[in-house]
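Q: Sharing a structure, written as structure tokens. Questions coming.
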Amino acid sequence: MSRKYPIAIFGQITYLWAIVTDDPRTTLEQLIRKNGHGFAAISQMLGKNPAYIQQFIRRGSPKKLDEADRRRLAEFFDVDEILLGAPAPLDRSSPHNLPPDGLLRVKQYQVGASAGPGSLAEDEYVEAIGFGPKWLKQLGTDPENLSLIRVDGDSMNPTLCHGDDIMVDHSAAMRPLRDGIHVLRMDDVLLVKRIAVGPSAKLSIRSDNPQYPDWDDVNSKDVNIIGRVVWTGRRL
């Protein structure tokens, strides 16, 4: 099948049509030829001897691309690494890839995310707790990005209480920060607090319990966002 791929040449974006196949060697050859480069030029771009790509495509040596080379080629041609031989990600939502009980596991850590004055915490994996795939899907993130930790302290009462388990989406740390309850680290202290983003990227870090102080105009560079709290479980 034909697909259109953007590629940067001398600072400009052009487009090429490539015939994508299930064979990484054939796909790579088509990408190279459609782009107008030779095998030797692509080999040298990778820092290899001029015959490297030709030997890979025509002789099957090496049997598969080195991971770093594959990634660089995928970036150069702006295609998915899977087309060049990378293993397809496991679809953990598929029933065929689930454990016998049909649940996805979220790692639980014995970490005290302080909702009070704060204390040093050591990340220690304890166990994994199973959740239904459909339920996790509603959270809008990959279960691999989730973890469970326990609230330590009462500064977030009544929203979060001492001993509550909270589910943290760590992928939120890779995206632009938005208002909400987050787990963060400041001065080597792990905290769970409500964060509001103000002008000039200044942060307001607040406790829901009015008996605890708030911090305003905090420089975002002084805050290490661990993740966003997306769920809580409470003991009765």
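The values are calculated or read from the model by the stated rules, or taken from the named source; none is laboratory data. Predicted model only: the values in this text are computed from it and were never measured. Here the Cβ is made from the backbone with ideal geometry for all residues, glycine too, and neighbour counts use every protein chain on show.
Q: I'd like to verify a number: residues in the range 94-112 that are β-branched (Val, Ile, Thr) and either at pLDDT 65 or above or not assigned by TED's automatic domain parsing to the domain that holds residue 229 (or both), how many?
A: Let us first name the residues in the range 94-112 that are β-branched (Val, Ile, Thr), namely 106, 111.
Subset that is either at pLDDT 65 or above or not assigned by TED's automatic domain parsing to the domain that holds residue 229 (or both): 106.
Qualifying residue count for the region: 1.
Q: Give the residue that is nearest to residue 206 (Cα to Cα), with candidates limited to residues of the range 139-162 that are in a loop (DSSP other than H, G, I, E, B) and at pLDDT below 90. Before the answer, list the steps.
A: The initial filter retains those residues of the range 139-162 that are in a loop (DSSP other than H, G, I, E, B), namely 139-142, 153-162.
Then drop every residue that is not at pLDDT below 90, which leaves 139-142, 153.
Details: 139: 24, 140: 25, 141: 25, 142: 28, 153: 14 Å.
This residue is 153.
Q: If you go through the range 148-173 one residue at a time, how many are over 18 Å from residue 189 (Cβ atoms) and small (Gly, Ala, Ser)?
A: 3
Q: Continuing with the same structure: Where residues in the range 199-215 are over 23 Å from residue 161 (Cα atoms) and not aliphatic (A, V, I, L, M), which of them is surrounded by the most Cβ atoms within 10 Å (Cβ to Cβ)? Can you show your working first?
A: At the first step, the residues of the range 199-215 found to be over 23 Å from residue 161 (Cα atoms) are 199-203.
Filter once more, so that each one left must be not aliphatic (A, V, I, L, M): 199-200, 202.
Working: 199: 6, 200: 8, 202: 13.
Once the filter is applied, the top-ranked residue is 202.
Q: Out of (1) within 14 Å of residue 155 (Cβ to Cβ); (2) among the acidic types (Asp, Glu); (3) part of a strand (DSSP E or B), what's the single condition that is false for residue 217?
A: (1)
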